[in-house]
Amino acid sequence: MHLCLYDNWERQLRQFTPLRQDWVGLYCCGPTVYDYAHIGNLRTYLFEDILRRTLEFNGHQVRHVINITDVGHLVSDADDGEDKMEKGSRKAGESAWDIAEKFTSAFKADLLSLNMLPPTIWCKATDHIAEQIDFIATIEQKGYTYTTSDGVYFDTSKQNDYGYLARLNRDGIEAGIRVELGEKKHPTDFALWKFSPANEQCQMEWDSPWGRGFPGWHIECSAMASKYLEPWFDIHCGGEDHIAIHHSNEIAQNQTCHGTRLANHWMHGYFLQIDAGKMSKSSGDFLRLQTLIDQEIDPLAYRFLCLSAHYRSQMNFNWDALEAAQTALGRLRETYFALP
Ligand SMILES: [Zn+2]
C-alpha cells in the first residue's frame with residue numbers, strides 16, 4: 001500500500017516517494033523562544049509527531065530537524081517593530097540569552113509531556129550565524145538583494161513565481177497596499193539581515209559583510225534545513241500561518257541559492273481556535289500546557305483530543321471536550337490493562 005500525503009505546493013494528495021534510499025528528511029519550523037508555547041502551537045508539533053511516526057511505521061528512517069529561533073524574529077511580519085527576544089528579555093528582566101535558554105527548556109519539556117519523539121537534530125539560529133551570512137552572500141552574488149538604511153532585503157520582484165506556495169497575487173498586493181513601505185521596494189520584499197540601531201547596543205548582534213546586526217527570521221530555516229537535510233529534501237512542516245510569508249520566503253531564498261523549492265512536500269498544521277478566534281501569544285492571554293495540568297488534566301488527554309480532529313482542519317478548544325477526552329483516555333487505559 002502506498003503512503004499518500006497532502007502537499008500544499010501542489011494542493012493535492014500525492015504519493016510519498018522518498019528522495020533517497022537511506023533516510024527521509026523532515027524539517028519542522030520550531031518556536032521563537034521568548035515566551036512559553038501555547039497549546040495551539042503544540043497542536044502543530046503533535047501533527048508533526050504523528051507524521052514522523054507514520055513515516056517510521058512505513059519503514060522509513062527519518063532525519064527529523066526542529067529549529068529554535070532564539071534571535072532576530074521581529075514582532076511584525078513587515079520586518080519592523082521590536083525584536084521578540086529583546087522584548088521578552090525586558091519584560092522578564094533577564095538577558096535575551098537567559099530567556100532563550102529558559103523557554104527552550106520549557107518547550108522541550110512540553111514535547112516530552114505530550115509523548116512526542118525528540119527530533120534527530122535540534123538546531124539554534126544563534127549557533128548558525130556563519131551559515132546564514134554565507135547564504136545571504138550567495139543571494140547577493142546572484143543579484144537578488146538591495147540595501148536600505150536598516151538592512152539587506154530580498155527583492156521578490158526578481159522571482160517570477162514568488163509566493164506560489166500561497167498562490168499569492170502579487171499585482172493585487174501591490175495595488176491594494178496600504179501599509180507603509182518605508183524603503184522597501186515592494187510589499188513582499190523581506191529582510192535578510194537587519195542592522196543594529198545606531199547608537200544602541202543590542203544583546204544579540206554580530207558582524208557581517210554588510211554591517212553589525214542580526215539575521216532576518218526566514219534565512220535561518222533555509223540555512224539550517226539545507227545544512228542538515230541538504231537543499232532538496234522530503235517534507236517541510238509548519239503552522240498554517242507560515243504559508244503566506246515565512247515558507248514563501250524560505251522557498252524564494254532556496255530557489256535563488258540552489259534552484260530548489262527546498263522540500264518536495266509542504267505540509268501544514270491548522271490552528272486551534274478558542275472563542276472563535278486564533279489562540280495567539282500576542283494577545284497576552286493564552287493557554288499553556290501547564291494551565292491544563294493545573295486543572296488536573298493529563299497532558300495525554302490533550303494529545304487524545306487533538307487526534308480527534310484532522311490536522312488540516314481548524315479545531316475548537318473547549319474544556320468540556322477536553323474533559324470528555326480525559327474520560328475516554330481513562331477508559332482506553334482501563335481496557336488495555338484489563339487485557340489478559
Ligand atoms: Zn521556519
If Val24 passes every condition in (1) buried (at least 20 other Cβ atoms within 10 Å of the Cβ); (2) within 16 Å of the ligand (Cβ to nearest atom) but one, which one does it miss?
(2)
Restricted to region 272-302 and to residues being at pLDDT below 90 and under 17 Å from the mean Cα position of the chain (by Cα), the residue surrounded by the fewest Cβ atoms within 10 Å (Cβ to Cβ) is Ser282
Flag if Glu48 is surrounded by fewer than 23 Cβ atoms within 10 Å (Cβ to Cβ) and among the acidic types (Asp, Glu)
no
Name every residue in region 59-71 that is more than 12 Å from the chain's Cα centre (by Cα), surrounded by 14 or more Cβ atoms within 10 Å (Cβ to Cβ) and modelled with pLDDT of 95 or more, in order of residue number.
His60, Val62, Arg63, His64
Residues located in region 21-44, provided they are out of contact with any helix residue (DSSP H, G or I) (no Cβ under 7 Å at 6 or more places or on another chain), farther than 19 Å from Leu300 by Cβ and in contact (Cβ under 8 Å) with a residue 24 or more places away in the chain:
Asp22, Trp23, Gly30
Restricted to region 152-183, and to residues that are over 24 Å from the mean Cα position of the chain (by Cα) and among the acidic types (Asp, Glu), which residue is modelled with the highest pLDDT?
Glu183
For Val33, are the conditions met, namely being within 30 Å of Asp7 (Cβ to Cβ), within 16 Å of the ligand (Cβ to nearest atom) and modelled with pLDDT under 95?
yes
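Yes or no, residue by residue, for (1) aliphatic (A, V, I, L, M); (2) within 29 Å of Arg63 (Cβ to Cβ); (3) surrounded by fewer than 17 Cβ atoms within 10 Å (Cβ to Cβ):
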{"site": "Cys123", "(1), (2), (3)": "no, yes, no"}
{"site": "Ile129", "(1), (2), (3)": "yes, yes, no"}
{"site": "Gln132", "(1), (2), (3)": "no, yes, no"}
{"site": "Ile139", "(1), (2), (3)": "yes, yes, no"}
{"site": "Thr145", "(1), (2), (3)": "no, no, no"}
{"site": "Thr148", "(1), (2), (3)": "no, no, yes"}
{"site": "Thr156", "(1), (2), (3)": "no, no, no"}
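Please state which one of Glu86, Glu131 is of a type outside the set (Val, Ile, Thr) and at pLDDT 95 or above.
Glu131
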Could you check Thr156 against (1) within 16 Å of the ligand (Cβ to nearest atom); (2) within 20 Å of His258 (Cβ to Cβ) and say which number it fails?
(1)
Which of the strands (runs of 3 or more DSSP E) contained wholly in region 75-157 include at least 1 residues that are among the small types (Gly, Ala, Ser)?
151-154
Can we say Glu250 is surrounded by 20 or more Cβ atoms within 10 Å (Cβ to Cβ), within 12 Å of the ligand (Cβ to nearest atom), closer than 30 Å to Lys87 by Cα and free of Cβ contacts under 8 Å to residues at least 60 places away in the same chain?
yes
Matching option when the condition is surrounded by 14 or more Cβ atoms within 10 Å (Cβ to Cβ) and closer than 21 Å to Cys221 by Cα, among Asp110, Asp189:
Asp189
Going residue by residue through region 226-233, is there one that turns out to be in a loop (DSSP other than H, G, I, E, B), acidic (Asp, Glu) and either away from the ligand (no atom under 16 Å from the Cβ) or modelled with pLDDT of 95 or more (or both)?
yes
Among (1) at pLDDT 95 or above; (2) farther than 15 Å from Ile129 by Cβ; (3) within 16 Å of the ligand (Cβ to nearest atom) - the single one Cys221 does not satisfy:
(2)
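The values are calculated or read from the model by the stated rules, or taken from the named source; none is laboratory data. It should be emphasised that the depicted structure is a prediction, and the values quoted were computed from it without experimental measurement. Cβ atoms come from the backbone with ideal geometry, glycine included; neighbour counts cover every protein chain shown.
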